[in-house]
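I have placed the structure first, in the form of structure tokens, so that the comments after it can refer back to it.
The values are calculated or read from the model by the stated rules, or taken from the named source; none is laboratory data. Just so it is clear, the model here is predicted, and its values are computed rather than measured. For neighbour counting, all protein chains shown are included, and Cβ atoms are generated from backbone atoms with ideal geometry for every residue, glycine included. Areas reflect the complete protein model, heavy atoms only, side chains present, ligands, DNA and RNA absent. Shrake-Rupley method; radii C 1.70, N 1.55, O 1.52, S 1.80 Å.
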Amino acid sequence: LYNRSFFSKFGFLYKGYEKNIEWWEIHEIFRKIILTGLLLFSSSKPLIRSVFATMICIIQCINLNYFKPHRNSIVFCVEQIANLSSTFKYLVAVMITSTTITTDSNIRGREDISSDDISSERETMGLILVTVDTIVLLFSFVASFGCFYLLHLTIHNQEMNEKANSEDENDRLSLSSP
């Protein structure tokens, strides 16, 4: 994988990952396929789908923290927050579907639960989900600016090193010539 000719052609696919964890992008693709495609075929019941998706997200969080695939710690933090956000969303989906099943079976025999209470509870959960999405989006913007700032510092430091090296070279040449 690190042969010069192979890396020049395909290195862009895995150069952001730690050595021996180049397979992480394939892991991510399978996770996305499972969450977007296979969930449709897993069951016709929303509760089972939500539980299955939550399990996939939890496994993803465990793998991310175990392997720590990213070389850039900011990218790692952004992926961690995004995965935790997805896990939280699926947990809320589990809560909503289980609440719907519970209230539909219990509401028939109880008069103290109104449909306004149920819709208020769902509205609160929806507000929580929108808030979590907004926080993740803001964190992503901050992390993007952080990455650009680090890139700027790296380029600036390289320019300063090159300038210092060229000045040292000029000083050596001027001292060595009679």
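Overview of values
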{"read-out": "Residue-normalised accessible area of region 29-99, expressed per residue, 1.4 Å probe, Å²", "value": "58 Å²"}
{"read-out": "Å² of accessible area per residue within region 126-178, as computed with a 1.4 Å probe and no ligands counted", "value": "86 Å²"}
{"read-out": "Of all accessible heavy-atom area on the chain, the percent that carbon and sulfur account for (1.4 Å)", "value": "65 percent"}
{"read-out": "Per-selection Kirkwood Rh - the chain (Cα, Å, 1 d.p.)", "value": "20.9 Å"}
{"read-out": "Accessible surface, 1.4 Å probe, highest first, among residues 90, 66, 14, 149", "value": "66, 149, 90, 14"}
{"read-out": "Between helix 115-176 and the chain: long-axis angle, C-alpha atoms, 0 to 90°, nearest 10", "value": "0 degrees"}
{"read-out": "Helix-only CD estimate at 222 nm, as mean residue ellipticity for the chain, using -39500 (n - 2.57) per DSSP H run (n ≥ 4)", "value": "-27500 deg cm²/dmol"}
{"read-out": "With all protein chains modelled, accessible area of residue 132 [1.4 Å, Å²]", "value": "30 Å²"}
{"read-out": "Sum of side-chain charges, residue 11 neighbourhood, beta-carbon under 15 Å (Lys, Arg +1; Asp, Glu -1)", "value": "+2"}
{"read-out": "Surrounding net charge for residue 22, when Lys and Arg each add one and Asp and Glu each subtract one, Cβ distance under 15 Å", "value": "+2"}
{"read-out": "Relative contact order [Cα under 8 Å, 6+ residues apart], the chain, whole percent", "value": "19 percent"}
{"read-out": "Dipole magnitude (debye, nearest 20) for the chain, charges at Cβ of Lys, Arg, Asp, Glu", "value": "740 debye"}
